[in-house]
Each structure stands twice: as structure tokens, then as C-alpha cells.
């Protein structure tokens, strides 16, 4: 490993599980975590929060299974230090503003920002609300963001030193000689990218006429436990409704982010939607693609598509795609297997039909050309395919892919 110390900003769902990941991998000798505020009555309360998790169980079981033994020791409230399974962990509790975190004094060159609060790469380091560049100001050399970039000023463009990368898809787009800010996209984009990439590689982007995706997504910390009055100016009142009691329609930026990691998607008409459901983790991408058939070559069938995913899981995307013929439910894919997507092969479906196109109604075709044709109606065979891909939107899929990207960048220093 090129670096011995890593910084984690934020100790929410992704922050804590990122800490778990690196404690298990033993890829850093020291980890510095910024909480940004006091929590509970002492550092012991933060240690207990780190040790326990309502979704994944205890840290000790995550590390050792049923061979349960204490893994957190030497908790010192005054210094903010503790030892977790032999790894030194320092907890910062003074400031949430990245530029005030003194990463340099703590020997941190690489920071993983998991707060979700700092996602605009155009904001300057001295922004009063804080910014990603504040991490650079306080001594870090590179920052990985566990969320898609979101530029508030619509007139601004993506800075040259910012890049979006999904491990297994385009990690080699990261150029450490110029990139300081690296977005690890989102859990949904990570799953979706690995679901559609094998199709593009084998079938080709030119044959994919259109695509759409709906993610049936577990609840997140931004949703309300109980109904509450919407804030001033809120346009989407559903965000204020109880996730415990409802299926909630919402939006996703996966379509825009996907094009950043798979440029071929820019030419494919693509729609992405999201539905939130009341479970803690375990989500599903339903991908629908419309492909122009070429009957003289390959007919796109369920078996043909499943073979693509089986081969990708064994070869080019081994470790990122898991192909399954089992009948899974969402709890089956929590935590393991540690992959970007688990393709539910038993539910792949295809249907081929002819689409009739009246050339007389197509703009740009000259009338005299149509008149010389024996038939002005074109019949194009198109296959619609439906593919289901599971992903653990917290630990099993996203945090593992984020951790791999972190290790890849750390090794490049």
C-alpha cells in the first residue's frame, strides 16, 4: 500500500462501514475519522456506535464471525484515540468544515468524504459552508467523495481536476498528476454501470436503441421516520413522508452520472427512476433495453444475455459481477457477495417484435426518394430485454467498491 494513513470525513452509514471495510482489509496502519462534533458523553459512546450496527450486526462478528472477541481497546477520551483490531484510530470532534481539519498534522494525504454535504467541486476552499477543496487546503492531496458530484451553479462546468470513477469500469481514468477530487458515483450508478457494461461490450452501443432503469431502493438516512411538515420552498412533499409506512416515488441522478463513467451512454436514450421502499438495505435495478435485431447474425434471447453475464462474471468483470440462477430476495444479498451487482438470471426476459416506421413521416427524407420506393413502411425487428440486478446499497456493493477504489488510488501514490 502506498499510504499508511487514511482520513474518513463523516461517520454516518457509509462512513462507519468504510471504516469497517478498511479495518478488515488491514490496508492502512492508521485511520483518522472526523466526526465534526461531540457525540454522547465520551469517546466510549463513539466506540460503541462503531462496534454495533442494526443492519450488519456487530463489528466483531463482521471481522471474526462466531469467533467473538472484543476488538476495540485503549479508548482514550482526552486524546480521541482508540485501537480497533490492532489498527490505530483517531477521532476528530471539533469541526465539520474540511479546511479546519488539519489533515497534514495527522499525516493524512488521502481523504474519503462520506458526509454527503460537500459534493460541489466548483466551490472554493474558503466557502463559509465548507467545500471539498477545504480538505486540500488542510493538507490532503486527494479527496474521494462517496456521492456523485453536484454543481449548484448551472453555468459552471466540471473542473479539470475532478473526475468520476467506478471501480471495475473506469478507474484508470483517474490521473493523479491532475485529479485532486474523485467522485465514486453512487450505489445505484455502481450497480447500473456493471449491469449495462457487458451488454455494450458484446452487443455494441450502436445496436442499443434506448434503455431505461428503475431502482427499487432501500431507505436512506435523508428520509423521515415519521411524517413531518415540509420545509420552506420544498417542492417534493413525498420526501417528508414516513419511510416506515410507504413506498415513495423519488428521483435519481444515475442517468447523468452513468454517462460520466461509460461515455457510450451519451448516444443512448436513457431514463432512470427510483422508488424507495421501507427496508434498511438491499436494492434492485430493473434494466430495460431495446436492441435492434440482426436475424442473419445473432438472435438476442434470454440464454444469450445470461451467457454474456456469466462470462463477464468469470472473466472481464470477475469480482464485480455475480451471476445467480437462484431465486433471491433482498435480504439474501445483504453484505455478501461483495460485488457491484448480482444478476438474477432466472428473471431475464426478452420479447422480439417488429416496429413499423413510415418513412413519409420521417423528417429529412426527400419525398421523391420515397415515391421511388416500392414500400415506404420499414419493419425493424427490435428486442426488448429486462434484466434484474441486486445490490447491497450499503456494505456489500457500494462500500466494497468504494474501498477498492480507495485502495487503488492509495497504491498509486
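If residue 76 meets every condition in (1) at pLDDT 95 or above; (2) buried (at least 18 other Cβ atoms within 10 Å of the Cβ) apart from one, which number is that one?
Result: residue 76 passes all but (2).
Would you confirm whether or not segment 293-305 contains a residue that is under 25 Å from residue 189 (Cβ atoms) and without any contact (Cβ under 8 Å) to a residue 60 or more places away in the chain?
no
Could you say whether any residue in segment 255-275 is crowded, with 22+ Cβ neighbours inside 10 Å and assigned to a strand (DSSP E or B)?
Yes, that holds for at least one residue.
Residues of segment 43-54 being surrounded by 14 or more Cβ atoms within 10 Å (Cβ to Cβ) and not in a helix (DSSP H, G or I), which ones?
53
Against the definition (in a strand (DSSP E or B) and out of contact with any helix residue (DSSP H, G or I) (no Cβ under 6 Å at 6 or more places or on another chain)), how does residue 209 come out, yes or no?
For residue 209, the condition - in a strand (DSSP E or B) and out of contact with any helix residue (DSSP H, G or I) (no Cβ under 6 Å at 6 or more places or on another chain) - is met.
Go through segment 363-374 and count every residue that is assigned to a loop (DSSP other than H, G, I, E, B) and in contact with a helix residue (DSSP H, G or I) (Cβ under 9 Å, 6 or more places away or on another chain).
2
Mind listing whichever residues of segment 112-152 are within 10 Å of residue 97 (Cα to Cα) and assigned to a helix (DSSP H, G or I)?
The answer is 134, 135.
Within segment 37-72, can you find the residues that are modelled with pLDDT under 95 and under 22 Å from residue 107 (Cα atoms)?
Correct list: 37 only.
Does segment 1-15 hold any residues that are more than 16 Å from the chain's Cα centre (by Cα) and either within 16 Å of residue 45 (Cβ to Cβ) or surrounded by fewer than 24 Cβ atoms within 10 Å (Cβ to Cβ) (or both), and which are they?
1, 2, 3, 4, 5, 10, 11
Identify the single condition in (1) buried (at least 16 other Cβ atoms within 10 Å of the Cβ); (2) over 15 Å from the mean Cα position of the chain (by Cα) that residue 144 does not satisfy, given that it satisfies every other one.
Status for residue 144: all satisfied but (2).
Got a sec? Which of 227, 175 is modelled with pLDDT of 95 or more and not assigned by TED's automatic domain parsing to the domain that holds residue 311?
175
Would you point out the residue of segment 312-352, among those that are assigned to a helix (DSSP H, G or I) and free of Cβ contacts under 8 Å to residues at least 60 places away in the same chain, that is surrounded by the most Cβ atoms within 10 Å (Cβ to Cβ)?
Per the stated criteria, the residue is 313.
Is there a residue being in contact with a helix residue (DSSP H, G or I) (Cβ under 7 Å, 6 or more places away or on another chain), surrounded by 17 or more Cβ atoms within 10 Å (Cβ to Cβ), in contact (Cβ under 8 Å) with a residue 40 or more places away in the chain and part of a helix (DSSP H, G or I) anywhere in segment 237-252?
Scanning segment 237-252 turns up no residue that is in contact with a helix residue (DSSP H, G or I) (Cβ under 7 Å, 6 or more places away or on another chain), surrounded by 17 or more Cβ atoms within 10 Å (Cβ to Cβ), in contact (Cβ under 8 Å) with a residue 40 or more places away in the chain and part of a helix (DSSP H, G or I).
The values are calculated or read from the model by the stated rules, or taken from the named source; none is laboratory data. Treat the numbers as computed from the prediction; the structure is a model and nothing was measured. Ideal geometry is used to build each Cβ from the backbone, glycine not excepted, and the neighbour counts take in all protein chains shown.
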